[in-house]
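> So that we are looking at the same thing, I have put the structure below in C-alpha cells.
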Amino acid sequence: MNQDPNCIFCRIVAGQAPSDIVYESEDVIAFRDLHPVAPTHVLLVPKCHVTSLHELAGRDERSTLAAALLVAARAVAESEGLGNGYRLISNVGADGGQTVGHTHVHLIGGKPLSPRLL
Ligand code: 5GP
Ligand code: ZN
C-alpha cells in the first residue's frame, strides 16, 4: 500500500501515531479530529496515501475508494447516533483550505448546523 512516512495520517494508519479510531475497513480508517468543531467530528481517511479527493477521483477509475469513504460515513453516522443528520466536507488544495495532504472527509454533526457553508 502506498504510504508516506512523513504524512501524519499515514502514520496514524500505520499505528505509529496516536488517534481515537472509531471505524476501520479494508481500505478506510476513521478517527476523531484533534480539534473538533462539533460534538462529533470524525475524519474519514483512505489507508493509502493520495493527496486529495480530486487526485483520488482521478485515479480511482471504479470509484472503489470514493465509495468506501461514503460507506464509512454512513457507518460512523450510525454508530455516533446522528439520526438527525450530519455534514460531509472535503477541503481540496490550497484554495479549498486543505492543511493535511492526505485525502480526508470531515464528518461533522451532533448539533444543528447552519445551512450556510461560509
Ligand atoms: P483540512 O484542513 O486538511 O481539511 O483538515 C485537517 C484536519 O486534520 C484538521 O481538522 C485538523 O484538526 C486535523 N488534524 C491535524 N493533525 C491531526 C492529528 O495528528 N490527529 C488528528 N486526529 N487530527 C489531526
Ligand atoms: Zn498519507
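Derivation of every value follows stated rules applied to the coordinates shown; laboratory data play no part. If you're wondering where the values come from, they're calculated on a predicted model, not measured in any experiment. Cβ sites come from the backbone with ideal geometry, for glycine too, and all protein chains shown count toward neighbours.
> Give region 33-46 a look and list any residue that's free of Cβ contacts under 8 Å to residues at least 24 places away in the same chain and near ligand 1 (Cβ under 6 Å from one of its atoms), or say none.
In the first step, residues of region 33-46 are kept if they are free of Cβ contacts under 8 Å to residues at least 24 places away in the same chain; the result is 34-36.
Within region 33-46, LEU34, HIS35 meet the criteria.
> Now, a different point. Has region 59-68 got at least one residue that is surrounded by fewer than 14 Cβ atoms within 10 Å (Cβ to Cβ), β-branched (Val, Ile, Thr), part of a helix (DSSP H, G or I) and free of Cβ contacts under 8 Å to residues at least 40 places away in the same chain?
Restricting attention to region 59-68, the residues satisfying the condition of being surrounded by fewer than 14 Cβ atoms within 10 Å (Cβ to Cβ) are 59, 61-64, 67.
Checking which are β-branched (Val, Ile, Thr) leaves us with 64.
From the residues that got through so far, the ones that are part of a helix (DSSP H, G or I) too are 64.
If we keep only those that are free of Cβ contacts under 8 Å to residues at least 40 places away in the same chain as well, we get 64.
Yes.
> I would also like to ask the following. Taking region 56-87 only, how many residues are farther than 14 Å from PRO46 by Cβ and among the small types (Gly, Ala, Ser)?
Total satisfying the criteria: 6.
> Another question, then. Give me the residue from region 7-26 that is out of contact with any strand residue (DSSP E or B) (no Cβ under 8 Å at 6 or more places or on another chain), outside any helix (DSSP H, G or I) and over 13 Å from VAL50 (Cα atoms) and, out of that set, farthest from ligand 1 (Cβ to nearest atom).
It comes out as GLU26.
> A further question on this structure: Are any residues in region 27-56 over 26 Å from GLY81 (Cα atoms) and assigned to a loop (DSSP other than H, G, I, E, B), and if so, which ones?
CYS48, HIS49, VAL50, THR51, SER52
> Just checking, how many residues over region 98-111 are in a loop (DSSP other than H, G, I, E, B) and either farther than 18 Å from VAL42 by Cβ or within 16 Å of ligand 2 (Cβ to nearest atom) (or both)?
Adding up the residues that qualify gives 7.
> So HIS104 ticks every box in (1) touching a helix residue (DSSP H, G or I) at 6+ places or on another chain (Cβ under 8 Å); (2) touching a residue at least 60 places away in the same chain (Cβ under 8 Å); (3) more than 23 Å from ASN6 (Cα to Cα); (4) not acidic (Asp, Glu) but one. Which box is left unticked?
Among (1) touching a helix residue (DSSP H, G or I) at 6+ places or on another chain (Cβ under 8 Å); (2) touching a residue at least 60 places away in the same chain (Cβ under 8 Å); (3) more than 23 Å from ASN6 (Cα to Cα); (4) not acidic (Asp, Glu), HIS104 violates only (3).
> Looking at VAL45, VAL13, VAL76, can you tell me which residue is more than 29 Å from ARG116 (Cα to Cα) and crowded, with 18+ Cβ neighbours inside 10 Å?
When all the criteria are applied, what remains is VAL13.
> Next question. State which residue is nearest to VAL92 (Cα to Cα) when the search covers only region 43-67 and only residues that are basic (Lys, Arg) and over 15 Å from the mean Cα position of the chain (by Cα).
Start the filter on region 43-67 by keeping residues that are basic (Lys, Arg), which leaves 47, 59, 62.
When the remaining residues are screened for being over 15 Å from the mean Cα position of the chain (by Cα), the result is 59, 62.
On the way: ARG59: 15, ARG62: 21 Å.
Step by step, filter region 43-67, then rank; the result is ARG59.
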